[in-house]
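Since the structure comes first, as structure tokens, the remarks are kept for the end.
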Amino acid sequence: MTTLTRLDTVEAFGELREFLRLRQDPRQTVISVCGFTGCKVNGSDAVAEALKEEVRKQGRDDVPVKVTGCHGFCEKGPLVVILPQGIFYQKVGLKDVEAIVEKTVIGGEIIPSLLYTDPRTKEQYKLESEVPFYAKQERVVCRHSGKIDAARIEDYIAVGGYSSMVKVLTEMAPEEVIDEMKRSGLRGRGGAGFPTGKKWEFCRMAEGDEKFIVCNGDEGDPGAFMDGSIMDGHPHAVLEGMLIGAYAIGATHGYLYVRTEYPLAIRSLTRALEQAHDYGLLGENILGTGFSFDLELTRGAGAFVCGEETALMASIEGNIGSPRQRPPFPAVSGLWGKPTNINNVETWANVPVIIDRGAEWFASIGTEGSKGTKVFSLVGKVNNTGLVEVPMGMTLREIVYDIGGGIQKGRKLKAVQTGGPSGGCIPESLMDLRVDFDELVKAGGMMGSGGLIVMDERTCMVDVARYFLEFLTDESCGKCNPCREGVQQMHNILERICAGEGKDDDIDILLELAEYVKDSSLCALGGTAPNPVLSTIKHFRDEYEAHIRDHKCPGGVCKALIQYGINADACKGCERCAKECPQDAITGEKKQPHTLDREKCIKCGVCFETCPFDAVYTE
Amino acid sequence: MARIGVFICWCGANIAEMVDAAAVAEYAGQLPGVVVSKDYRYMCSDPGQRIMTDSIQEDNLTGVVVASCSPRMHEATFRKTAAIVGLNPYTLEMANIREHCSWAHTDRGQATEKAKDLVRMMVEKVRRNQPLEPVRVPVTQRVMVIGAGIAGIQAALDVAAAGHEVVLVEREPSVGGHMAQLDETFPTLDCSQCILTPRMVDIMQSDKIKLYTYAEIDEVGGYIGNFEVKVRKKARSVDIDKCTGCGDCYNYCLSRNKISIPVIVSVADRLDADMKKTLDEILDPAAGRRGVLLGVLQDVQDAYNYLPADALRYVSEKLNIPFSRIYGVARFYNAFTLEPRGEHIIRVCQGTACHLKGASLLVDALGRELGIRDGETTKDMQFTFERVNCLGACAMSPVVTIDDQYHGQMTTAKLLKALEGIESADASRPEMEAAG
Ligand SMILES: Cc1cc2nc3c(=O)[nH]c(=O)nc-3n(C[C@H](O)[C@H](O)[C@H](O)COP(=O)(O)O)c2cc1C
């Protein structure tokens, strides 16, 4: 690592930026390898190393290999993009490395076998921007993804990074910054969608000798990883956003609270903090403007409730993460009793681009009440799982079918779950809903932090509700009674229904309990805990009734209510299931249809997982 | 010679369903001193009691054992009935084979054996019982409560509220006990001071409560209703009425180590040198800064794979944070564990996408294969298996991490193979070392 020179003046920063910008040649060939979790699991680290080695071997060490933040299309990882053209290679293995350098980087040829082919149309795409997964997206927060090396602050500065901060420090009064945020219409991306400018204003107006700002990187919603990928791939955008916020609010100290389950994000942010310090972009008297601000990182410790702002502050203070009554709101009395402003990762990451391109530009994207874009993690039973950023107001159908490429194995869509454990399930009949803060709430869902979990016909909606309530029972901090006991009782009833022991009045009791828990819980964890139950009862009451009255699980999930069997017409007698079965419950001659002995079967599902012909069924 | 009758009650199905009453009766009949032994559907019914009274008269019984419900229920009934036919009621005892036996057990064979034991004990007791005559003695209407912790304080307040005098004795100079040392109490996490201090004031204000602090019990004599207790007030050489509790006398006292401030043994004295060094490296940079506890505990866990109790005590001393709070924090967060963990840690992601794609089948399979439940460690300390909250690798669901390596699109078959792989790698290691 080179020792950096601390920049003492705004001019010195300007010179550095020019130097870095000029050094960049827009025609330069760059190999960009995605380095986020999805691609890593599939071996991107080894691919990147091999590429570095290969360019050296073939005498082209002038071609940089950059490990970048999430490209989004996790399903097809490891992803490699050759810039400046943007040639898009997917599922790249070590065996492809030599050819990529020889044919594409040096020879300028395309390698067809590495291109993405749309499974439905069989059409092949050469460039990243043409691939349907990317074509409909609009990248604002993730605008640099795949283009800059997240580990290098110089890359960020070269594309205009930290210039918004300089603009704010040199040209704008704090009130003007707040005004700009208000006019942009940015609403908090942490779930509730509170207007960010207004929140900053409250904190600015609050009395206090010391003020804090906090970045909420707890991202506890299961099935969501947008914040994680932003922290990993765009750490400096988060820091810059916080610097701007600190200036507008008058804060001198800030905390990044990151969940411990995200080692990549923690590493990336820690590195970014060091670099910003070394350049003098963080700390005392930043760029000689007289503005001082420091930031430190706190690792969470695996408690969902710590995403709630008052619990999060208790956790930073070193206490049990239990929420407290609001008011007083954090803007008045937060960390150590001082005025504190908490925003979500994605909220902070939106700030620099708003300052850079202006409130009007930002407000031109999105819907009436929800401006800008939203990053979603599109996961579950959808073909193209990954990270997507779309303008507010896009329909769920467009997201799931046009970007997501439809449902896996050609099955039928049943619902899309949004908003994590606080959200709800939106049925297929409402797929034309325009996704923004208000429309989702109307449909019984919630924006939440932005997980979109796609469910197909082989999903049991009662089991989904049971799953979320199990999660919430575990994560309830235990402080208030309605949440601690009420959610537990609801969960008990759901367990019973899934075990085939449901009673006729269970649905009514669930609805009644849901009202109590909603109305009387201390924080929003309990206040929204009944949502998964309410929305599934609202849209999928027939599934509850099938469990209770007919002792059937239409989704084929609830163990107590299903039996496995082998469809003799589809079975090719490949013997794979028989080999894997831990009970030796499957027998048959090779190349002949097999049979399953239900007496021996323990319903572990291995045969179902292994069968390549979909011949194992549940009933 | 004792002539004892034993009567085993079925209490309908309550006892008979779980205890073989006839077998117990037969067994009791063989016991020394027993001359009759019978079982009957309801011993407390009129015909049941008649069986007993007839037998007392016909068989000339000197003692009776009724094996049925709790004596709280029917001891008075049976003793009264026995007295009517001339048996001294104190030679009748009950064996509780219902609440203590049939209701509490699920194995009929074992419950029957236990009922036999209970009956045998009571027969032995009756063999030793002397006929007694009731006498009346006056009772002093005053209560002594020893120990003014929260339980003693509350007991004293309750008795006083019922209109009786109370003498409350506390060994330490101050009341309050352990509760005064706690931070928060389960389940409401109220501050314990908020519960305790108003009651401390109440005992001082109550005119029914006489409080002796810094006093010990030397002798207890007498009997229920008429105890005689000698209380020794320790010399405190302070005029309690004038004392403001400023604490100056403690500071100036020449024999202050004799005053009762407890001597706290520092855990630092017994930590081994390695642990002390490791912990100091973690703690020194944190000292004096705010908001460091979570980070410190994470570093300690990284160093030891879990949070050893002595390490937590040391953290408490060095950071000057109450141990109770540190313990609470360590218990609250999922990422912390107070038990040593296995060499290999397997985590199954519980995110929604993973759940939809069969994570629970993976949990079941691991449980079957390793013979432990999630959160537990195998006996040989090889494997720990945990369910974790979403790891944010949803696109690769279902996800399992083995020693922090991510494995995507996991299936039961793949998981079991991976386990086998680790086991065989571990097994071949010592050989390689030996060979090398
Ligand atoms: C149970 C619970 C969990 C939450 N988890 C998160 C989280 O993981 N990340 C987040 O940014 N906000 C979370 N929130 C919302 C925060 O309390 C807070 O509203 C948010 O950080 C404010 O930031 P914003 O205005 O930028 O949205 C959670 C709220 C509740 C009630």
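The values are calculated or read from the model by the stated rules, or taken from the named source; none is laboratory data. Quick caveat, the model's predicted, so the values are computed rather than measured. Positions of Cβ are backbone-derived with ideal geometry, glycine not excepted, and every protein chain shown enters the neighbour counts. The protein model used for the area step is the full one, side chains on, heavy atoms only, and it has no ligands, DNA or RNA in it. Shrake-Rupley method; radii C 1.70, N 1.55, O 1.52, S 1.80 Å.
Here are the criteria: (1) of a type outside the set (Phe, Trp, Tyr); (2) within 21 Å of residue B:391 (Cβ to Cβ); (3) open to solvent by less than 40 Å² (accessible area, probe 1.4 Å); (4) more than 16 Å from the ligand (Cβ to nearest atom). Tell me which single one residue A:298 does not satisfy.
(4)
Give segment B:356-379 a look and list any residue that's within 13 Å of chain A (Cβ to nearest Cβ) and open to solvent by less than 30 Å² (accessible area, probe 1.4 Å), or say none.
B:356, B:358, B:359, B:362, B:363, B:365, B:366, B:367
Name the residue that is surrounded by the most Cβ atoms within 10 Å (Cβ to Cβ), counting only residues in segment A:253-266 that are touching a residue at least 24 places away in the same chain (Cβ under 8 Å) and more than 16 Å from the ligand (Cβ to nearest atom). Even if it seems obvious, please write down each step before you answer.
In the first step, residues of segment A:253-266 are kept if they are touching a residue at least 24 places away in the same chain (Cβ under 8 Å); the result is A:253-262, A:264-266.
Those still in the list that are more than 16 Å from the ligand (Cβ to nearest atom) too: A:253, A:264.
Details: A:253: 18, A:264: 20.
Checking each candidate, the answer is A:264.
Keeping to segment B:341-351, report how many residues are within 30 Å of residue A:451 (Cα to Cα) and more than 10 Å from chain A (Cβ to nearest Cβ).
Number satisfying all stated conditions: 3.
Exactly one of (1) surrounded by fewer than 21 Cβ atoms within 10 Å (Cβ to Cβ); (2) farther than 30 Å from residue A:346 by Cα is unmet by residue A:456. Its number?
Here residue A:456 clears every test but (2).
For segment B:12-41, how many residues are in a loop (DSSP other than H, G, I, E, B) and closer than 23 Å to residue B:88 by Cα? Before you say what the answer is, go through the steps one by one.
We begin by selecting, within segment B:12-41, every residue in a loop (DSSP other than H, G, I, E, B); these are B:12, B:17-20, B:30-33, B:41.
Narrowing further to those that are closer than 23 Å to residue B:88 by Cα: B:31-33.
Matching residues across segment B:12-41 total 3.
Taking into account only those residues within segment B:175-221 that are among the acidic types (Asp, Glu) and in contact with a helix residue (DSSP H, G or I) (Cβ under 7 Å, 6 or more places away or on another chain), which is nearest to residue A:323 (Cα to Cα)?
This residue is B:184.
With the requirement that a residue be near the ligand (Cβ under 8 Å from one of its atoms) and of a type outside the set (A, V, I, L, M, F, W, C), what does segment A:341-357 give you?
The answer is A:343, A:344, A:346, A:347.
Pick from segment A:542-568 the residues that are in a strand (DSSP E or B) and surrounded by 18 or more Cβ atoms within 10 Å (Cβ to Cβ): which of them is farthest from the chain's Cα centre (by Cα)?
A:566
Can you give me the number of residues within segment A:298-331 that are in contact with a strand residue (DSSP E or B) (Cβ under 7 Å, 6 or more places away or on another chain) and more than 9 Å from chain B (Cβ to nearest Cβ)?
6
Mind checking which pairs have a first residue in segment A:575-597 that is within 18 Å of residue A:562 (Cα to Cα) and a second that is surrounded by fewer than 18 Cβ atoms within 10 Å (Cβ to Cβ) and of a type in the set (Ser, Thr, Tyr), Cβ under 8 Å, 6 or more apart or different chains?
That search, which allows pairs on different chains as well, returns A:586/A:595; A:595/A:587; A:597/A:587.
Hey, among A:322, A:377, which residue is at pLDDT below 95, among the polar types (S, T, N, Q) and within 12 Å of the ligand (Cβ to nearest atom)?
On inspection, the qualifying residue turns out to be A:322.
Residue by residue through segment B:380-397, note down the ones that are open to solvent by 10 Å² or more (accessible area, probe 1.4 Å) and either at the interface with chain A (Cβ under 7 Å from one of its Cβ atoms) or touching an Asp or Glu at 6+ places or on another chain (Cβ under 8 Å) (or both).
B:381, B:382, B:386, B:387, B:388, B:389, B:391, listed by residue number.
Residues being buried (at least 19 other Cβ atoms within 10 Å of the Cβ) and more than 14 Å from chain A (Cβ to nearest Cβ): count how many of those fall in segment B:310-340.
Residues that pass the stated criteria total 2.
Quick check, is residue A:92 in a helix (DSSP H, G or I) and open to solvent by less than 80 Å² (accessible area, probe 1.4 Å)?
No, not satisfied.
If you go through segment A:254-277, how many residues are of a type in the set (Asp, Glu) and either at pLDDT 95 or above or in contact with a helix residue (DSSP H, G or I) (Cβ under 7 Å, 6 or more places away or on another chain) (or both)? Before the answer, list the steps.
Looking only at segment A:254-277, we keep the residues that are of a type in the set (Asp, Glu), and these are A:261, A:274.
Subset that is either at pLDDT 95 or above or in contact with a helix residue (DSSP H, G or I) (Cβ under 7 Å, 6 or more places away or on another chain) (or both): A:274.
Total satisfying the criteria: 1.
Would you please name the residue that is modelled with the lowest pLDDT, looking only at residues in segment A:467-481 that are more than 8 Å from every other protein chain (Cβ to nearest Cβ) and not in a helix (DSSP H, G or I)?
A:480
Exactly one condition in (1) within 14 Å of chain B (Cβ to nearest Cβ); (2) in a loop (DSSP other than H, G, I, E, B); (3) farther than 23 Å from residue A:306 by Cβ is false for residue A:500; which is it?
Unmet condition: (1).
Examine segment A:19-33 for a residue that is among the hydroxyl-bearing types (Ser, Thr, Tyr) and either open to solvent by 20 Å² or more (accessible area, probe 1.4 Å) or more than 14 Å from every other protein chain (Cβ to nearest Cβ) (or both), and state whether such a residue exists.
Yes, because at least one residue in segment A:19-33 is among the hydroxyl-bearing types (Ser, Thr, Tyr) and either open to solvent by 20 Å² or more (accessible area, probe 1.4 Å) or more than 14 Å from every other protein chain (Cβ to nearest Cβ) (or both).
Got a sec? Which of A:16, A:20 is outside any loop (DSSP other than H, G, I, E, B), touching a helix residue (DSSP H, G or I) at 6+ places or on another chain (Cβ under 6 Å), under 22 Å from residue A:234 (Cα atoms) and not small (Gly, Ala, Ser)? First the steps, then the outcome.
Numbers: A:16 fails: touching a helix residue (DSSP H, G or I) at 6+ places or on another chain (Cβ under 6 Å).
Result of the check over A:16, A:20: A:20.
Against the condition within 16 Å of the ligand (Cβ to nearest atom) and either modelled with pLDDT of 90 or more or open to solvent by 20 Å² or more (accessible area, probe 1.4 Å) (or both), how does residue A:518 come out, does it pass? Show your work before the answer.
Values: within 16 Å of the ligand (Cβ to nearest atom): yes; either modelled with pLDDT of 90 or more or open to solvent by 20 Å² or more (accessible area, probe 1.4 Å) (or both): yes.
Answer is yes for this residue.
I'm told residue A:464 meets every condition in (1) surrounded by fewer than 22 Cβ atoms within 10 Å (Cβ to Cβ); (2) within 13 Å of chain B (Cβ to nearest Cβ); (3) in a helix (DSSP H, G or I) except one. Can you identify the failing condition by its number?
All conditions are met except number (1).
Search segment A:207-223 for residues that are β-branched (Val, Ile, Thr) and pair each with any residue that is away from the ligand (no atom under 11 Å from the Cβ) and assigned to a loop (DSSP other than H, G, I, E, B) when their beta-carbon atoms are under 9 Å apart and the residues are at least 6 apart or on different chains.
A:213/A:251; A:214/A:334
Name every residue in segment A:301-319 that is within 14 Å of the ligand (Cβ to nearest atom) and among the charged types (D, E, K, R), in order of residue number.
Matches in segment A:301-319: A:308, A:309.
Would you please name the residue that is nearest to residue A:378 (Cα to Cα), looking only at residues in segment A:214-237 that are away from the ligand (no atom under 12 Å from the Cβ) and away from every other protein chain (no Cβ under 11 Å)?
Ranking the qualifying residues of segment A:214-237, first place goes to A:233.
Would you call residue B:123 closer than 18 Å to residue B:74 by Cβ and part of a helix (DSSP H, G or I)?
Values: closer than 18 Å to residue B:74 by Cβ: no; part of a helix (DSSP H, G or I): yes.
For residue B:123, the condition - closer than 18 Å to residue B:74 by Cβ and part of a helix (DSSP H, G or I) - is not met.
Count, please, the residues in segment A:116-158 that happen to be open to solvent by less than 60 Å² (accessible area, probe 1.4 Å), modelled with pLDDT of 90 or more and closer than 20 Å to residue A:408 by Cα.
Number satisfying all stated conditions: 6.
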